[in-house]
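The values are calculated or read from the model by the stated rules, or taken from the named source; none is laboratory data. All values reported here derive from a predicted model rather than from experimental measurement. We place every Cβ from the backbone using ideal geometry, glycine too, and count neighbours over all the protein chains shown. Each accessible area value is taken on the protein alone, full model and side chains, heavy atoms only, with ligands, DNA and RNA left out. Shrake-Rupley method; radii C 1.70, N 1.55, O 1.52, S 1.80 Å.
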Amino acid sequence: MKFDKSLLRTILFALGVVSFVIGVYQTVLQSDLGRNYWIFMVSLACWLPLNYWRQQDARKAKEAEVARQVAELNKPARKNKKRR
């Protein structure tokens, strides 16, 4: 069985959003942020790996783009041969 990283990202995203909404609702309902602080920390714990993975993906994409540009610059120039 192959591990699906996109499924993990979807689950973490959904869990982060749901826990944030529950935290906001409980804070408004109870008017006490201190008692619901742990709910916001669960949401943050779900968002931190997502942001880290997004930064890694952006860095890899940038490195691939730079490598492509360097390869394009190092390609030998085309010679214009005239046929007779």
I'd like to verify a number: residues in segment 31-59 that are hydroxyl-bearing (Ser, Thr, Tyr), farther than 17 Å from Val18 by Cβ and touching a Ser or Thr at 6+ places or on another chain (Cβ under 8 Å), how many? 0
Count of segment 23-38 residues which are open to solvent by 80 Å² or more (accessible area, probe 1.4 Å) and either in a helix (DSSP H, G or I) or among the hydroxyl-bearing types (Ser, Thr, Tyr) (or both): 7
Could you list, in sequence order, all residues of segment 40-84 that are polar (S, T, N, Q) and in contact with a Gly (Cβ under 9 Å, 6 or more places away or on another chain)? Ser43
Per the list (1) at pLDDT 95 or above; (2) not in a helix (DSSP H, G or I), residue check on Lys82 breaks on (1)
Considering only residues that are of a type outside the set (A, V, I, L, M, F, W, C) and in contact (Cβ under 8 Å) with a residue 12 or more places away in the chain, look in segment 39-84 and name the one that is surrounded by the most Cβ atoms within 10 Å (Cβ to Cβ). Ser43
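Could you list, in sequence order, the residues of segment 5-17 that are surrounded by 14 or more Cβ atoms within 10 Å (Cβ to Cβ) and in contact with a Cys (Cβ under 9 Å, 6 or more places away or on another chain)?
Leu12, Leu15, Gly16
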